[in-house]
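Below: the structure, in structure tokens.
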Amino acid sequence: MARFVAHVPLRWTDQDSYRHVNHARTVTLLEEARIALVFDRARAAGATFSDGLLVAGLEVEYKRQIPYRAKPLRVVMWVRDVRAASFTLVYEMHDGPEETDPVAATARTHMALFDLDANRPRRLTAEERTFLGEWGDDA
């Protein structure tokens with residue numbers, strides 16, 4: 001199974017008064033990693049998720065605190081549960097940029113495809129399904 005890796009930089013403002021990255025900022029960092037996969041990488045592969053893709057659900061589990069430092073976080077992602085109009089992204093957020101850095105959080109986002117012009121759900125295109133299959137573990 002292939003895994004997509006994004007390196008997401010930390011900003012000074014990502015820490016809270018306890019000097020670690022708080023929940024809201026963690027969700028934003030996961031979003032930045034997700035954009036790198038489902039918009040940037042997908043567009044290069046001919047998939048068009050930018051036509052409408054919504055977060056239908058989100059779950060985050062914390063394993064350790066993430067303090068601020070200049071090194072980026074390593075976010076590893078893969079795809080599960082590809083359906084006609086939805087899929088799930090799974091994340092491992094590492095406490096640092098290296099493969100050996102410990103996992104600080106795991107997360108899942110359930111993604112729903114949506115036709116923004118028609119204001120209704122839509123089905124995956126063949127190109128989108130193929131793209132997700134490259135990162136899937138459903139086999």
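Residues in segment 69-84 that are out of contact with any His (no Cβ under 7 Å at 6 or more places or on another chain), in a loop (DSSP other than H, G, I, E, B), of a type outside the set (D, E, K, R) and surrounded by 14 or more Cβ atoms within 10 Å (Cβ to Cβ): 1 in all. The residue of segment 37-65 that is farthest from residue 86 (Cα to Cα), among those that are among the small types (Gly, Ala, Ser) and at pLDDT below 95, is 44. Sub-6 Å Cβ pairs linking a first residue in segment 99-115 that is more than 20 Å from residue 66 (Cα to Cα) to a second residue that is among the β-branched types (Val, Ile, Thr), at least 6 apart or interchain, are 109/55; 110/88, ordered by first then second residue. Could you list all residues from segment 30-51 that are touching a helix residue (DSSP H, G or I) at 6+ places or on another chain (Cβ under 7 Å), part of a helix (DSSP H, G or I) and in contact (Cβ under 8 Å) with a residue 60 or more places away in the chain? If the condition is that a residue be touching a helix residue (DSSP H, G or I) at 6+ places or on another chain (Cβ under 7 Å), part of a helix (DSSP H, G or I) and in contact (Cβ under 8 Å) with a residue 60 or more places away in the chain, then 38, 42, 49 are the ones that fit.
From the list 25, 64, the lone residue that is out of contact with any helix residue (DSSP H, G or I) (no Cβ under 7 Å at 6 or more places or on another chain) and either part of a loop (DSSP other than H, G, I, E, B) or not aliphatic (A, V, I, L, M) (or both) is 64.
A Cβ distance below 8 Å, combined with a sequence gap of six or more or placement on separate chains, defines the contacts here; from segment 52-64, residues that are in contact (Cβ under 8 Å) with a residue 40 or more places away in the chain reach residues that are charged (D, E, K, R) in the pairs 52/115; 52/122; 57/108; 58/108; 59/108; 64/95.
In contact with a helix residue (DSSP H, G or I) (Cβ under 9 Å, 6 or more places away or on another chain), surrounded by 15 or more Cβ atoms within 10 Å (Cβ to Cβ), among the hydrophobic types (A, V, I, L, M, F, W, C) and in a loop (DSSP other than H, G, I, E, B) - does that describe any residue in segment 96-116?
No: zero hits.
The values are calculated or read from the model by the stated rules, or taken from the named source; none is laboratory data. Since this is a predicted model, take the numbers as computed values, not measurements. Using ideal geometry, Cβ is built from the backbone for each residue, glycine included, and neighbour counts are taken over all protein chains shown.
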